[in-house]
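Read through the structure below, which is laid out as structure tokens, and then see the notes.
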Amino acid sequence: MKKWRRLTAFLLTAAMVLMMACTVMAEAPEMDESETVKIGVLVSDTTSAEALAFRAYYEEYIQNQYNVNFMYSDELKDSAGEASAIDNFIANNCKAVISLSSFDRPAQIAQCSGAGVYYAVATGTLTDEEYEAAKTNEYYVGAIGPDLMTEYQTGYDMAKYFLDEGKTKFAIFGGAIPYYTDMHIYRAAGMLAAMCDVGEGSYKDATGMDIIGKIYEDGAVETGAIGNVEVVGYVGGYDMDDAWFGKCGEMAQTEGLEVILAVGNGSDFFGAAKGEGVQIASVDAYADSYKEAMEAGTLNYLAGKFSASIGPIFMATYSAVKGYPIRDAEGNALALSQGYWVADSAETFNTYYAVDSSKEEPAYTKEMLDGLFGSSYDDFAAFVSAYTFDEIQGLK
Amino acid sequence: MKMTKRLFGIFTIPAAVLIVVLAVSRIQGVALFATEGNWVSFFRSVANVMLVTLALSINLNSGRFDFSIGSVALLSSVISATISIQYQLPVGIMLLLSVVLGAVFGFLSGLVYVIVKLPPIIVGLAMALFYEGLAFAVTGGYGVSFVNNTELVGFPSVRNYSLIIVAALAAVILIFDYTKFGYNYKALLSGQKVSVHIGIREIPNTLICYGIAGALMGAQGFITATNTGTIQMTLNFGSIGAMFAAFLPMFIGGYIGRYINDKIGCLLGAVSMGLVSLAYVRMDVDSSVQQIISALLLVCFLIFLNNEQKFKNLVKQGR
């Protein structure tokens, strides 16, 4: 009897130890860095401040911290280019593809999963329909980036900032609205919605999120009064020809104009708005040209992506390649939103920029990202959702 | 040729463009030149188009289609702006630097062409990629920003653009119409083999042509840079687009050149396009509509040039 008791106690203890060991292993999976992991990066933009900052973070920080090798595509102009670049990645033994190009994401996912290559979306999100189709695909890692509601709110907050300062005459630079780029349309809609709220009016008889549909109908923003606020000018597109620069200049010099709200890169207005006392707000990235403009008072508000924002999606991809995919309880891939850092003074901008441009101590360091390796979906989501500058600094 | 016929030939196109543009803008209830900014915009457009048109036509007249001129403008303005910011040089020196560097890069394009002896289109494309890449490397891809430099961004004005237009036009007329190089250039245009046989040295002439085209594009790059206070990078032939704005004014210039110096023809072609461009601005014409109008204008003018005699006969029959 004693023997049996002893044996039972031994087996129970052994089982507990084994379970504990398994639990510990599950909590802290081992990161095997013996083999170099090649990751392809699809890019449709190679020259913007944002694209360069992202690339610098991957190549000058992440690549030095982990045994990974990033392989970049050329500047992509269409879905055929994306397919060709992915073929090239596969031929070069890339184990995963991180995409910053959005011409045809379902096709990218299908191509990668067909070749057994993991696929992730950086600084962007899939549409609901696309996500439904891809969420259980074992090779689809997920997407982290500003979702369209975040874009809407970013535009809203930008306009509200100046409305709260008592500004009433605005011009909007619509960026890629004529090409029906969703994020630019949502940002502009947010701006107009804020004007409707504060100006106590409506935009083409619409308020709030109904404005989104109005912009989609026109492919442009209509000028005119919104209650006691007025949109006095609008320019869209990136034609970069004489007529386009003329329109930009004309808009910046509109009589009574107080603020230019740019849904995208607003640096082309810096020269045109000089000496006119016009304030400029832009959505872009933390870059040297914006630093100068902020210090000169030419730029007054920036909602910028920070370069390390693509750190978590790298870790999710790396984790999946190493056999620890991050999935929710139903086995679905990541779908997380992440917003912008907002600077409204040169001092704030410089504080953010110092961290964002650092290659030694960037916003998301190796120590922080290591904690995400093989983590639970909830832990991962909690980490990504704390994206403001202060929240990230608080994690260090 | 009768003076009246000459004047008619010289001014018909710009005057017709002006009348049409004024009429349309009046119908739209818009004043074409309402503010000083409109004048600045018009003169900038004229200067830009004239410089690119001259740069393009210098080589194209000789059968050399140079796709690298846009990248020459980009690279020369990037380097001149970087040096000017670093050493706090005045705006005039930046312009001079940009012109000199443009001449050097243009000359290098020509040198590669005469050495490798490949078709000029291929060499032009290769040099465009090379210069775009070089500009990207020089700035680390971040471009150049000098929005804080009030002198540099304060350059755009009617007076300054007029000075550039007059200086560039005078220099080109002087070089091509009053020097031995210019006579040789014209001789090579009219009969390459014969000219070479009589002792005209074709290669130095070609190199100088590339150099002058580069210098003009250096000035154009300077104008573009000082307009915004930033120079943004472009890769994968992104700089080529700059030259497409020059085709219609070049054909117009060629037509007007029958009645007056062809360089002045280019200026009048640029003035015509400047008026059209300003009309787009003042009437807030959508970019897709702009492209359709510009393409139609080009096609219609080419149809006219190719069927000129038929049109004249029709007019005579009508009388």
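The values are calculated or read from the model by the stated rules, or taken from the named source; none is laboratory data. Keep in mind that this is a model prediction, so the values were computed, not measured. Don't worry about glycine lacking a Cβ; one is built from the backbone with ideal geometry, like all the others, and counts go over all protein chains shown. Note: areas computed on protein heavy atoms with side chains; ligands, DNA, RNA excluded. Shrake-Rupley method; radii C 1.70, N 1.55, O 1.52, S 1.80 Å.
Just list whichever of A:38/A:291; B:2/B:263; B:2/B:193; A:204/A:247; B:2/B:316; A:95/A:305 have alpha carbons separated by over 25 Å in the model shown.
A:38/A:291; B:2/B:193; A:95/A:305
A drop of at least 30 square angstrom in accessible area, chain alone versus all protein chains together, probe 1.4 Å. Which residues of segment B:127-154 meet that?
In segment B:127-154, residues shielded by partner chains: B:136, B:142, B:145, B:147, B:148, B:153.
If you place +1 on the Cβ of every Lys and Arg and -1 on the Cβ of every Asp and Glu, how big does the dipole about the Cα centre of chain B come out, in debye to the nearest 20? Please report the intermediate quantities before stating the final value.
Working: 19 positive and 10 negative charges, 276 e Å.
Charge dipole, chain B, about its Cα centre: 1320 debye, nearest 20.
How much of the DSSP bridge set in segment A:149-305 is antiparallel, in percent, rounded to the nearest 5?
Numbers: 4 of 22 bridges.
Once the DSSP bridges in segment A:149-305 are tallied, antiparallel ones form about 20 percent.
Roughly how far apart, in whole Å, are the Cα centres of segment B:244-307 and segment B:1-36?
13
Solvent-accessible area of residue A:109, probe 1.4 Å, all protein chains present, reported in Å² to the nearest ten, please.
Approximately 10 Å² for this residue.
For chains A and B, what's the summed buried accessible area, probe 1.4 Å, to the nearest 100 square angstrom?
Details: alone 17740 and 16030 Å², together 31300 Å².
Chains A and B together bury roughly 2500 Å² of accessible area.
Give me the distance between the Cα centres of segment A:97-145 and segment B:175-218, rounded to whole Å.
57
Which trypsin sites (Lys or Arg not before Pro) in segment A:26-90 sit in a loop by DSSP (not H, G, I, E or B) and have at most 14 other Cβ atoms within 10 Å of their own Cβ? If you can, show how the numbers build up before the last one.
Details: sites: A:38, A:55, A:77; in loops: A:77.
Hits after loop and neighbour filter: A:77.
Using a Förster radius of 25 Å, what is the FRET efficiency between residue A:240 and residue B:301 based on their Cβ-Cβ separation? Nearest 0.05, please.
Numbers: r = 24 Å, r/R0 = 0.97.
That pair, residue A:240 with residue B:301, gives E of 0.55.
Considering amide H positions built from the backbone, and no H for Pro or chain starts, which residues 5 or more places from residue A:234, or on another chain, come under 5 Å of its amide H?
For residue A:234, the qualifying residues are A:172.
Using the membrane-span-like helix rule (whole DSSP H runs, Cα extent along the own axis of at least 27 Å, mean Kyte-Doolittle hydropathy at least -0.5), which helices of chain A qualify?
Numbers: long enough: A:2-27 (37 Å, 0.85).
Both cut-offs are met by A:2-27.
Taking the Cα centre of each part, how many Å lie between segment A:163-215 and segment A:273-311?
First find each Cα centre; the distance between them is then 20 Å.
Going 7 Å from the Cα of residue A:128 along its beta-carbon direction, which residues of segment A:145-164 have the amide nitrogen within less than 13 Å of the resulting point?
Only A:148-149 fall inside the zone, counting backbone N under 13 Å.
Quantify, in whole percent, the carbon and sulfur part of the accessible surface of segment A:267-388 (1.4 Å probe; protein heavy atoms only). All intermediate terms of the calculation are to be shown ahead of the outcome.
Working: 1720 of 3830 Å².
Carbon and sulfur atoms account for 45 percent of the accessible area of segment A:267-388.
Could you state how much accessible area residue B:185 has, in square angstrom rounded to the nearest 10, with a 1.4 Å probe and all protein chains kept in place?
10
With unit charges on the beta carbon (Lys/Arg positive, Asp/Glu negative), name the residue among A:286, B:145, A:52 whose Cα is farthest towards the positive pole of the charge dipole of the protein assembly as shown.
Positive-end residue among those listed: B:145.
So what's the back-of-envelope 222 nm ellipticity for chain A, counting only DSSP H runs of four-plus at -39500 (n - 2.57) apiece and dividing by all residues, rounded to 500?
Details: 15 runs with 170 residues, N = 396.
That comes out to -13000 deg cm²/dmol.
I'd like the accessible area for residue A:391, computed on protein heavy atoms only with a 1.4 Å probe and all protein chains in place. Round to 10 Å², please.
Near enough 80 Å² of accessible area.
Give the ranking of B:255, A:387 by solvent-accessible surface, highest area first, calculated with a 1.4 Å probe.
Values: B:255 30, A:387 60 Å².
Ranked list, largest accessible area first: A:387, B:255.
Amide H of residue A:226: which non-local residues (sequence gap of 5 or more, or other chain) have their own amide H closer than 5 Å, using H built in the peptide plane?
Under 5 Å from the amide H of residue A:226 lie the amide H atoms of A:231, each far enough along the sequence or on another chain.
Might you tell me the accessible area per residue for chain B, computed with a 1.4 Å probe and given in Å²? Let's see the in-between values first.
Numbers: 14820 Å² over 319 residues.
Using a 1.4 Å probe on heavy atoms only, each residue of chain B averages 46 Å².
Going toward the positive end of the dipole of the protein assembly as shown, with +1 on Lys and Arg Cβ and -1 on Asp and Glu Cβ, which of B:42, B:60, A:155 do you reach last?
B:60
What percent does the relative contact order of segment B:35-240 come to when contacts are Cα pairs within less than 8 Å and at least six residues apart?
Details: 299 pairs, mean separation 87.5, N = 206.
So the answer I get is 42 percent.
For chain A, give the magnitude of the charge dipole about the Cα centre (Cβ charges: +1 Lys/Arg, -1 Asp/Glu; no others), in debye to the nearest 20. Don't skip to the end; give the middle numbers.
Numbers: 25 positive and 59 negative charges, 397 e Å.
In debye, rounded to 20, chain A gives about 1900.
For segment A:188-241, which GluC sites (Glu not before Pro) pass both filters: DSSP loop (anything but H, G, I, E, B) and at most 14 other C-beta atoms within 10 Å? Present the calculation step by step, with values, prior to reporting the outcome.
Details: sites: A:200, A:217, A:222, A:230; in loops: A:200, A:222.
Passing both the DSSP loop test and the Cβ count: A:200, A:222.
If the only charges are +1 at each Lys and Arg Cβ and -1 at each Asp and Glu Cβ, what is the size of the charge dipole of the protein assembly as shown around the Cα centre, to the nearest 20 debye? Let's see the in-between values first.
Values: 44 positive and 69 negative charges, 761 e Å.
I would put it at about 3660 debye.
Within straight cross-link reach of residue B:117, meaning Cα distance under 20 Å, which aspartates and glutamates are found once same-chain residues fewer than 8 apart are removed?
Cross-link targets: B:66, B:202.
Can you pull the percent of segment B:67-106's accessible area that's carbon plus sulfur, 1.4 Å probe, other chains left in place?
Values: 1110 of 1450 Å².
The C+S portion of the solvent-accessible surface of segment B:67-106 is 77 percent.
Just the number please: accessible area per residue for segment A:149-305, 1.4 Å probe, all protein chains included, in Å².
Values: 5160 Å² over 157 residues.
Each residue of segment A:149-305 exposes 33 Å² on average to a 1.4 Å probe.
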